[in-house]
Structure formats: C-alpha cells, structure tokens
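Encoded as structure tokens, the structure appears first; notes follow it.
The values are calculated or read from the model by the stated rules, or taken from the named source; none is laboratory data. These numbers come from a predicted model, not from an experiment. Note that we place each Cβ from the backbone using ideal geometry, even for glycine, and neighbour counts take in every protein chain shown. Note: accessible area is taken over every heavy atom of the protein model, side chains too, but ligands, DNA and RNA are not part of it. Shrake-Rupley method; radii C 1.70, N 1.55, O 1.52, S 1.80 Å.
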Amino acid sequence: MEMFIDGTWQASDGGATFEVSNPATGAVVDHVPDATATDADRAIAAAARAFDTWRHRPVTERVAILKACAGAMRDRADEIGALLHAELGRPLAGCIGEISRSADLMDIYAEEGLRLQATMGLGGATGEKTIVTRDPVGVVVAITPFNYPVTLLLFKLGAALAAGCTMVAKPSEDTPLSTLRLAAIFAEAGLPPGCFNVVTGQGRALGEALVEHPVPRKIAFTGSTAVGKAIAAAAAGTMKRLTLELGGQSPAIVCADADLDKATSAIARHGFANSGQFCYRVNRVYVDRAIHDAFVAQLTDKVATLTLAPAGGDGDLGPLVNSKIYANSAAQVADARDKGARIVLGGDRQTGPGFDGGHYLPPTIIADATPDMLILREETFGPVLGICAVDSPAEALRLANDSRYGLAGFVFTRDLARGLALCEGMEAGSVWLNDIQRSSHFVPFGGMKESGLGREKGRYGVEAYLEYKTLYLSYEVPE
Ligand code: NAD
C-alpha cells in the first residue's frame, strides 16, 4: 500500500519502502512507504489546507460525515479486521471486534460534537459582553502504537474531527495497514481530502519530523513512556498541546474477603487479553496471605484453559508482535526465576508446527514475586502476571502505589467501604471494583504519573482538541 495524503495514494519522496510482516508466520504481508521529513511536510500542508474549510463546516455537517465514517467501518469490519489480523497476529474475531467497537466511539464523539457550546457570563456592565468560546486547536499529529491500532487511532481521530481539527497520523511500523485502509474507507464515506492523512515510517526519523514541524498545534500520542517523554521534550520547542497515553504497570488488590471466583475470572480474562499487549491490563496482583494459595490455584486453573492460536488456527492468544516485545517478557520471567520466584504456569517460548514462525509465549503466572523483581516494577506488555502475598489491605495499597506508573487499578473485596477507600487511594486514572468491565467510551481514559497526560474518550476527549478563547465585546446601547 502507499500512503494516504490529501485524499490520494502517494509514494514516499525517493520511493523507499519497508516490509510489514505477519507476526504468526514471519511472511511478508505488504510493503509501505518509508516516509521522510519531506513527506511529513506534504501531509501537514494538506491537513493545514483542509483545516481552513473543515473548521468552518457547520458542526451538524461534520457530525453527519463522522456518522457515515462509523457506518462504513461497521460495514467493512470484516475486511479491516482481516488486515489487522494479518499485521498484528491477534485471533481474527478480536480484530473484527476492534473495528466495530471503534465505530461506536466515532458515533459517540460525533454526538458529543453536537453538544459543544460557548458560554457568556451574566455579570458584564451595560454595553459589554464576555463570551467564552472554543476554537479547534488546529492540525493534529497522531502517533499510535501497534497493539490496538484502530481503537487507539479512533480515540484521537473522532474527537479531533468532531472538534473541527484535521489530522496527520503515523501508525506503528508493525501495524500500518489497517490505518491506511481506514483512511481510504473514510474518504469514500465522504471525509474531505486532507482531513485525515496517513504517513508511514520509522518512529525516530518520521515521528520526530512530525513532532518538530512548526505547523501542527497538537500531538496526540499513545505508546511507551520513554517515547512519550522524548515527544514531550521535542514538542516543547513549539509549545504544542499534548495528549499522552503511555505505559502502565497496573496492580490488582485481592483482599481476604474477596469473591475468589469473580476475582480469578476477571484477572484471567483481563491479564491475558491480546496476549498481554494491553496498556491497562492487570500486570501484578497483591493478594492477602490468608487466601494466597487458594487464589494462585484457582487463577492457575482458569488461565491454563487459555489456548495459543497457531498460525492460521483458532485460540485465545496470538503471537507477540515482534522480537523486542517478546524479549521484554522473557527477560522478566528470567529475572523472576533468578530471584527465586515460582513459575506456576508457562514461562517458556512455545515452539513446534504452527508456532515456529512467531514469538509465542504461553500465559505465564509468577508466584512469590517480590517488589524488587521486574515483573512487579516494569511494564511487561506480554502474557506474564506477577503475584505477591501481603499481610493487609494497607500494605497492598502501599505496594500498588509504589510505582512510577498510574494508568489503572483493580480492587476485589466484599466490604464496600473498604473497597471504596482502596479505590480512592489508588494512584490511577481508572479503578475497577469487584469486576473488570471494558473501559467505557463515555468516561475519561488516561493515566496519572508517568502513564500520561490528559484524557481521551467521551466529551473529555473532544475537549482536548479545543482551546478556550474569550471574546470581550463592547457596543453602544441605544437610548
Ligand atoms: P512505542 O512507544 O515504541 O511506539 C509508539 C509509536 O511511537 C510508534 O508509531 C513509533 O513509531 C513512534 N515513535 C517511536 N519513537 C518515536 C520518536 N522518537 N518520536 C516520535 N514517534 C516515535 O510503543 P509500542 O511498542 O508501539 O506500543 C507499546 C507501548 O504503548 C506500551 O508502552 C504501552 O503501554 C503503550 N500503550 C499505552 C496505552 C495507553 O492508553 N496508555 C495504550 C496502548 C499502548
């Protein structure tokens, strides 16, 4: 595929390309342009031209176009999902689900767009009015990771378009194809040329050129904390607005009075979704010593039923996307082993027919983990979970918060007062009590501490693409 700029497919300046391969087999799926700073400039110029018109379209027209885009995503979810399956390796059903769920978010952003209002203070003197209005921030650069390429793009794109902004997106090198296809589908659905442009290339070269370019007014980034910090530093040069959704190392606290069946089912489901390549997954569990052994046994039984999906076959977990992501999990397992933890499930790479072409790691549970181990400190981004026994809810909360991350937290207890106190005490952008539902499209999503800056989703997401502007009006009052 080529890049999608100003409503047309375009090659990179100089014509260089790179391979996109299937993580399950290693086979090349397609080639995409390896874009340069010149390409970044061309895409940003297209977005800037489109901004002049898009920002002035009546919001009802913008909303109708967003709704048409959402409908097109639903109609073509199988096609986009199949492409996502090929580039990411996640089992197909989950990929198709990602497309239709992202379409729902597009609809919600469109509806939030209809509710945008300016306000006017009532306290002005005669002949003076003060109106507080909102302007779209301008051209936005979106930089996205590999793990939910469509969802995490839509977190940004739907909000930006509803607010009147236009966008240049740079998807991950691993998973650019679904984003490119989406751009063409949106154009067919009526999104005007230049409103949504996609450039493909390397984080360092292309990503930096986009972030440092003087025209865009905002960077919306989802990815690792290290890259987020580099982007924040580079964006400071032109004082760009930032939304940063960064890494996580999310803790669960399981109290002695928890409903064990519910807690283990929720953690088994949530900790291993998308092979653990999931920013707010349960990464570590602090469980009361009184129920520790029963918890480990029950969780292990449930997680052991999750299956690996071989290349071309069915199952719950696909391969990890690349060798770097696999190596991080493998290093955390090795570190835990060296420091005396017990690997009660999994731990070793899966090989054999159907698995040799990819980096497959079976669901892995590490018991007797201690706070000095990487599995309890650093983001895993793989199907590995650490469990640590504690003597009290207070100790669990202290350990849960002893982290530079603050994306999500999870609490299990039948005592509602204790549960609420623990939820309130968690240093995290979202906290779940007694079960783990999917994150809602209507409420803010984002992280505290080094997990990020700003919030996405719902009206909070749209507001992140608007700037306040105050108009002071003076006029002669007729006699
Ligand atoms: P990554 O940080 O390696 O890459 C993300 C994107 O940034 C890619 O498109 C990459 O090309 C680009 N990039 C790399 N260096 C850059 C630079 N110097 N300047 C500009 N762009 C650059 O992340 P990844 O491995 O693709 O994804 C995994 C990470 O994403 C994990 O840390 C995970 O926690 C995080 N993530 C966070 C959330 C959230 O909502 N908080 C959601 C999903 C993933």
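Per-structure values
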| item | result |
| --- | --- |
| Conditions (1) at negative phi; (2) touching a strand residue (DSSP E or B) at 6+ places or on another chain (Cβ under 8 Å); number of the one not met by Glu212 | (2) |
| Residues of the range 438-469 satisfying the condition of being polar (S, T, N, Q) and either open to solvent by less than 20 Å² (accessible area, probe 1.4 Å) or in the same structural domain as His270 (by TED's automatic domain parsing) (or both) | Ser439, Ser451 |
| Single unsatisfied condition, Arg418 versus (1) under 26 Å from Asn328 (Cα atoms); (2) of a type in the set (Lys, Arg); (3) more than 22 Å from the chain's Cα centre (by Cα) | (1) |
| The range 333-372, residues that are crowded, with 16+ Cβ neighbours inside 10 Å and in contact with a Lys or Arg (Cβ under 8 Å, 6 or more places away or on another chain) | Ile343, Gly347, His359, Tyr360, Leu361, Ile366, Ala367, Asp368, Ala369 |
| Pairs, first over 15 Å from Asn274 (Cα atoms) in the range 349-363, second in a strand (DSSP E or B), C-beta under 6 Å, six or more apart | Gln350/Leu308 |
| Inter-residue pairs, beta-carbon under 7 Å, first assigned by TED's automatic domain parsing to the domain that holds Val139 and farther than 22 Å from Asp41 by Cβ and in the range 215-236, second more than 10 Å from the ligand (Cβ to nearest atom) and of a type outside the set (A, V, I, L, M), 6+ apart | Thr225/Glu450 |
| In the range 172-196, the residues that are open to solvent by less than 10 Å² (accessible area, probe 1.4 Å) and on the phi > 0 side of the Ramachandran plot | Gly194 |
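Every residue, every condition in (1) open to solvent by 50 Å² or more (accessible area, probe 1.4 Å); (2) within 26 Å of Pro136 (Cβ to Cβ), yes or no:
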position: Thr8; (1), (2): yes, yes
position: His31; (1), (2): yes, no
position: Ala37; (1), (2): yes, yes
position: Ala40; (1), (2): no, yes
position: Phe51; (1), (2): no, yes
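One line per residue, one yes/no per condition, for (1) touching a Ser or Thr at 6+ places or on another chain (Cβ under 6 Å); (2) among the acidic types (Asp, Glu):
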site: Asp335; (1), (2): no, yes
site: Tyr360; (1), (2): no, no
site: Ala396; (1), (2): no, no
site: Phe410; (1), (2): no, no
site: Gly419; (1), (2): yes, no
site: Glu427; (1), (2): no, yes
site: Ser430; (1), (2): no, no
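Yes/no per residue for (1) touching an Asp or Glu at 6+ places or on another chain (Cβ under 6 Å); (2) assigned by TED's automatic domain parsing to the domain that holds Ala327; (3) at negative phi; (4) touching a residue at least 60 places away in the same chain (Cβ under 8 Å):
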position: Phe381; (1), (2), (3), (4): no, yes, no, yes
position: Ala396; (1), (2), (3), (4): no, yes, yes, yes
position: Ala417; (1), (2), (3), (4): no, yes, yes, no
position: Glu424; (1), (2), (3), (4): no, yes, yes, no
position: Glu427; (1), (2), (3), (4): no, yes, yes, no
position: Tyr475; (1), (2), (3), (4): no, no, yes, yes
